1. Below 8 Å between Cα atoms, with a sequence gap of 6+, how large is the relative contact order for the stretch 76-207 in percent?
2. On full extension of the chain, what length is gained from residue 255 through residue 109, given 0.36 nm per residue of separation minus the C-alpha to C-alpha distance?
3. Sequence gap at least 6, Cα distance under 8 Å: using those rules, report the relative contact order of the stretch 1-80 to the nearest whole percent.
4. Which order do peptides 68-79, 51-62 fall in by mean Cβ count within 10 Å, highest first?
5. Cα axis of helix 98-117 to longest principal axis of the chain: angle in degrees, 0 to 90, nearest 10?
6. Over the Cα atoms of the stretch 2-287, compute the convex hull volume and normalise it per residue, giving Å³.
7. Tell me, rounded to the nearest percent, the portion of alpha carbon pairs in the stretch 125-167 spaced more than 11 Å apart.
8. On full extension of the chain, what length is gained from residue 39 through residue 193, given 0.36 nm per residue of separation minus the C-alpha to C-alpha distance?
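Derivation of every value follows stated rules applied to the coordinates shown; laboratory data play no part. What you see is a predicted model, and the numbers here were worked out from it, not measured in a lab. Here Cβ is always computed from backbone atoms with ideal geometry, including for glycine, and neighbour counts include all displayed protein chains.
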C-alpha cells in the first residue's frame, strides 16, 4: 500500500511539473532576483492546476510515509522522471528520444531491484534535536554553495542546480513529515507545538519556489530529474543516519538493492544531462526567455 501511494505521488509530481512549466512558458524569465516574476505565475491557470496536482501529490506522499519507511518510499519518487517524459511530450511538445527511453527503462529496472531486494526495517519516527540541527545546517551549506554557481552556466545547468537544491529541500521536508505525522496522530495542537511542523513547511515552501525557477528555464528533463535524484538521496541519508532505518535482509540482498538504486539514479542523470547541455548555447540564462526546447 505504501509503495502504491508513493507511485501515485510520483505521477502527480510529474504532472505538476509539466503543467507548471507549461504555465510559465509564456512569461519572461523566472528569477529569484525578480520576485514579481514568481508572483506572475499565480495568474496562469495551467500553473495553478499544476500546483493543485502538486499539493495532492504531497498528500499521497505523506500517506505513504505514514505507512512505510523513508528509505524505501523516497527512492520510488524517482519514477517521477519516467512519468514526466510522456507528459512533457503531450503537454509541452518536448521530444522524447532514444536516450530518454533508455534512461527511463534503466530507472524502472533499478527501482524494481531496489524494491524487491531492499527491505528497510526498524527505525524511528524522530531523532534528537541536535542531530536534526546538524542535518539541516549541512543541507543549508551545500544548498548555498550550489546556488552560488547557479548563474554560471546555461539554461540546462541552471535548471539542474535549482532542481538539485529543490530536491534536497523536498527530501528534508519528507524526513520531517515522519515526526510531524506522529504528533498529528496525537492531536493538531500537539503537532503545532513542535518545531518539526514549521521546519517542514519552510523547507517545502523554499523547495517549491526554487523548483519554479528551475522549471521556468523551459528545461523539463534536467529540472525533474535532478529533483528526483536529490530528493531520495537526502531521504535515504536521513533515514539511515538519523532515524536508524536498516536493511534487514542478507548481505547479497543489500548489495543488489544498492545496485538497483544506483541504476535508477544513473538513469535519471542520463535523462537529465545527456547531450542537452552540450548543445545549449553558452548564453546568460537571465537574458533568455523561458521557451520550450526539444530534448536530444
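1. Computed over the stretch 76-207, the figure is 18 percent.
2. 51.1 nm
3. Numbers: 102 pairs, mean separation 41.8, N = 80.
Worked out over the stretch 1-80, it gives 52 percent.
4. Highest to lowest by the protection proxy: 68-79, 51-62.
5. 0 degrees
6. It comes to 123 Å³ per residue, whole-number rounded.
7. Percentage above 11 Å: 66.
8. 52.3 nm
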